[in-house]
Amino acid sequence: MTESSGSQRAARDGVPIPFDELSEEALRAVVAEFVTRDGTELTDEAKKADQVMALLSTGRAEVWFDPASRTCNIITTP
């Protein structure tokens with residue numbers, strides 16, 4: 001559900017964004033884009049979004065902005 005270790009290294013070159021500084025609407029949009037990034041799956045999108053939100057709120061994942069691609073990634077914390 002979160003980016004692979006290669007993506008984690010790439011994201012670390014970006015800018016961390018404290019998720020609690022994003023508006024609720026912006027955070028939901030980032031999470032929704034992230035969970036649907038790889039196309040449609042049989043897994044419920046809302047359930048995956050809730051799981052990612054739980055990871056963010058417990059500090060087990062972070063939002064990072066990649067200025068090169070101008071995208072946000074959600075990565076697990078080490």
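Residue count for region 48-71, restricted to those that are exposed (fewer than 10 other Cβ atoms within 10 Å of the Cβ) and not aliphatic (A, V, I, L, M): 4. Screening region 34-46 for residues that are of a type outside the set (Asp, Glu) and surrounded by 10 or more Cβ atoms within 10 Å (Cβ to Cβ) and picking the one that is nearest to residue 14 (Cα to Cα) gives 34. Any residue at all in region 33-49 that is under 9 Å from the mean Cα position of the chain (by Cα), over 15 Å from residue 17 (Cα atoms) and among the charged types (D, E, K, R)? Looking for residues that are under 9 Å from the mean Cα position of the chain (by Cα), over 15 Å from residue 17 (Cα atoms) and among the charged types (D, E, K, R), one finds at least one in region 33-49, hence yes. Restricting the first member to region 14-37 and to residues that are closer than 15 Å to residue 54 by Cα, and the second to residues that are at pLDDT below 95 and of a type in the set (Asp, Glu), the beta-carbon pairs closer than 6 Å and six or more apart or on different chains are 35/45. Modelled with pLDDT under 90 and among the aliphatic types (A, V, I, L, M) - does that describe any residue in region 42-53? Checked against the condition, which is being modelled with pLDDT under 90 and among the aliphatic types (A, V, I, L, M), region 42-53 yields at least one hit.
The values are calculated or read from the model by the stated rules, or taken from the named source; none is laboratory data. Because the structure is a prediction, the values reported are computed rather than measured. Every residue, glycine among them, receives a Cβ derived from its backbone with ideal geometry; neighbour counts consider all protein chains shown.
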